[in-house]
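Report on the structure given below.
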Amino acid sequence: MSQLTPDAGPPPRRGRGRRPADQVRAEILAAAGKLLLAEGMAGFTIEKVAAQAGASRMTIYKWWPSKGALALDGYFTVVGPTLAFHDTGDVVADLTSQLVAFVHLMNDTPAGRVISQLIAQAQTDPDLAAAYRQRYSAPRRALAVEAINRAVARGQLRADIDPESVVDQLWGACYHRLLIPDQPLTEEFARTLVDNLMRGLR
């Protein structure tokens, strides 16, 4: 199984002085991401994150309104680098690379189990639901829409397509197989999605 660790460098040495707020926030996010992937939402608590990060619960609640919102930010701290959206100038290659990276992240690391738990909890946690849209799904969608619009501007895709629908067709299909696993979420499936869709977009 692939390993995911927060991109936070070596553990900081904590002296008696007060740490800068940015450092404290980064350490909280790193601790949250590590704990979440190790124990899932069932074992994720503000108290555990505070202990691992050397921060107070009051400090955490100053920045995050709920356990779910903190878990989501911790999650993206860990998976963000893997899901970077590259622009090589070839929209087919870029979309395929992005979808394949997503599939491997979901299948080969604890991230797939964790994002399923976060989506489930978001149904009853309004703070988490809002955080999911604002900090994860909306920014991820915007990156994909931007990539598709660049491809339209380069003449690689038709000018009359709806980028938002294309995003739903690609990532929506992957999330459907992740959350309702009637069929497996595989690299072959991701490549087939892009190939099938591109035939109608050019």
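The values are calculated or read from the model by the stated rules, or taken from the named source; none is laboratory data. In this text, all values refer to a predicted model and were calculated from it rather than measured experimentally. All Cβ positions, even for glycine, are placed from backbone atoms using ideal geometry, and neighbour counts span all protein chains on display. Keep in mind that these areas ignore ligands, DNA and RNA; they rest on the heavy atoms of the full protein, side chains included. Shrake-Rupley method; radii C 1.70, N 1.55, O 1.52, S 1.80 Å.
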Counted residues, region 145-160 - those being within 27 Å of the chain's Cα centre (by Cα) and either assigned to a loop (DSSP other than H, G, I, E, B) or under 17 Å from Ser97 (Cα atoms) (or both): 7
Tell me which residues, restricted to region 79-89, are surrounded by 14 or more Cβ atoms within 10 Å (Cβ to Cβ) and either touching a strand residue (DSSP E or B) at 6+ places or on another chain (Cβ under 7 Å) or over 18 Å from Gly112 (Cβ atoms) (or both). Phe85
For Ser116, state whether it is outside any loop (DSSP other than H, G, I, E, B), over 15 Å from the mean Cα position of the chain (by Cα) and small (Gly, Ala, Ser). no
Note on region 110-147: residues open to solvent by 30 Å² or more (accessible area, probe 1.4 Å), more than 14 Å from Val79 (Cβ to Cβ) and of a type in the set (Gly, Ala, Ser) are Ala120, Ala138, Ala142
Pairs needed: first member in region 79-97, modelled with pLDDT of 85 or more; second member anywhere, open to solvent by less than 70 Å² (accessible area, probe 1.4 Å) and in a loop (DSSP other than H, G, I, E, B); C-beta distance under 6 Å; at least 6 residues apart or different chains. Val91/Gln156
Please verify whether region 56-63 includes one or more residues that are closer than 20 Å to Tyr136 by Cβ, among the hydrophobic types (A, V, I, L, M, F, W, C) and assigned to a loop (DSSP other than H, G, I, E, B). no
Looking only at region 43-60, which residues are without any contact (Cβ under 8 Å) to a residue 24 or more places away in the chain and of a type outside the set (S, T, N, Q)? Gly43, Glu47, Lys48, Ala50, Ala51, Arg57, Met58
Just to verify a result, which residue in region 17-54, among those that are open to solvent by 20 Å² or more (accessible area, probe 1.4 Å) and part of a loop (DSSP other than H, G, I, E, B), is farthest from Ala111 (Cα to Cα)? Gly17
Residue tally, condition open to solvent by less than 10 Å² (accessible area, probe 1.4 Å) and under 20 Å from the mean Cα position of the chain (by Cα), over region 55-78: 9
Pairs, please: C-beta under 7 Å, at least 6 apart or cross-chain, first residue at pLDDT below 95 and in region 123-150, second part of a loop (DSSP other than H, G, I, E, B) and hydroxyl-bearing (Ser, Thr, Tyr)? Asp125/Ser66; Asp127/Ser66; Leu128/Ser66
